[in-house]
Amino acid sequence: MKFIIRTIIIIIASHFSLLYFPWWSMAICAFFAGAIISGKNLNTFFSGFIGLGMLWLIQAFIIHNDSNGILSDKIAELFGLSDGIFMVIIAGLLAAIIGGFSTLSGFRFRRLFSRDKTRGLYR
């Protein structure tokens, strides 16, 4: 349940932050979502990965369709790709990786200041 809640919080907070702030504000939203809602390492990583990946992929696809792919096709030519939809996919994957590592960083930052009572003195 925490996975779904964290993912939804990341999507909503990042969407509204991208309306007013630069692109890297989505990483800050994912960081705080990972720091606020606890979980496990892999669980936390994939909530940011899926949340920001889906958000950025959907937004890039909407922009691609609204402009009939003119801009993404021209950028794809610069990178030697055949179609602009590949740029949309690459942008979604890049945002997903940024989201995953940002959320994981927030979770690990939280664990840095919490005391783990299950570990012994020398472990």
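Does segment 82-100 contain at least one residue that is assigned to a loop (DSSP other than H, G, I, E, B), modelled with pLDDT of 90 or more and closer than 25 Å to M1 by Cβ? No; the residues of segment 82-100 include none that is assigned to a loop (DSSP other than H, G, I, E, B), modelled with pLDDT of 90 or more and closer than 25 Å to M1 by Cβ.
Only one of the numbered conditions (1) among the aliphatic types (A, V, I, L, M); (2) over 25 Å from R115 (Cα atoms); (3) surrounded by fewer than 20 Cβ atoms within 10 Å (Cβ to Cβ) is not met by V88, and that is (3). Of the set (1) in contact with a Lys or Arg (Cβ under 9 Å, 6 or more places away or on another chain); (2) in a helix (DSSP H, G or I), all apply to I10 but (1).
Restricting attention to segment 49-64, the residues that are surrounded by fewer than 18 Cβ atoms within 10 Å (Cβ to Cβ) and farther than 15 Å from G100 by Cβ total 5.
When I28 is tested against (1) farther than 10 Å from G99 by Cα; (2) modelled with pLDDT of 95 or more, only condition (1) is not met.
Quick check on segment 65-72. Is at least one of its residues part of a helix (DSSP H, G or I), among the β-branched types (V, I, T) and surrounded by 13 or more Cβ atoms within 10 Å (Cβ to Cβ)? No, segment 65-72 contains no residue that is part of a helix (DSSP H, G or I), among the β-branched types (V, I, T) and surrounded by 13 or more Cβ atoms within 10 Å (Cβ to Cβ). Hey, can you tell me all the residues within segment 1-48 that are hydroxyl-bearing (S, T, Y), in contact (Cβ under 8 Å) with a residue 40 or more places away in the chain and buried (at least 17 other Cβ atoms within 10 Å of the Cβ)? Within segment 1-48, T7, S14, T44, S47 qualify. When we screen I50, I10 for residues that are closer than 19 Å to S105 by Cβ, in contact with a Cys (Cβ under 8 Å, 6 or more places away or on another chain) and of a type in the set (V, I, T), the only hit is I10. The requirement of being touching a residue at least 12 places away in the same chain (Cβ under 8 Å) and polar (S, T, N, Q) is fulfilled somewhere in segment 57-69, by at least one residue.
The values are calculated or read from the model by the stated rules, or taken from the named source; none is laboratory data. This is a predicted model, so every value here is computed, not measured. Cβ atoms come from the backbone with ideal geometry, glycine included; neighbour counts cover every protein chain shown.
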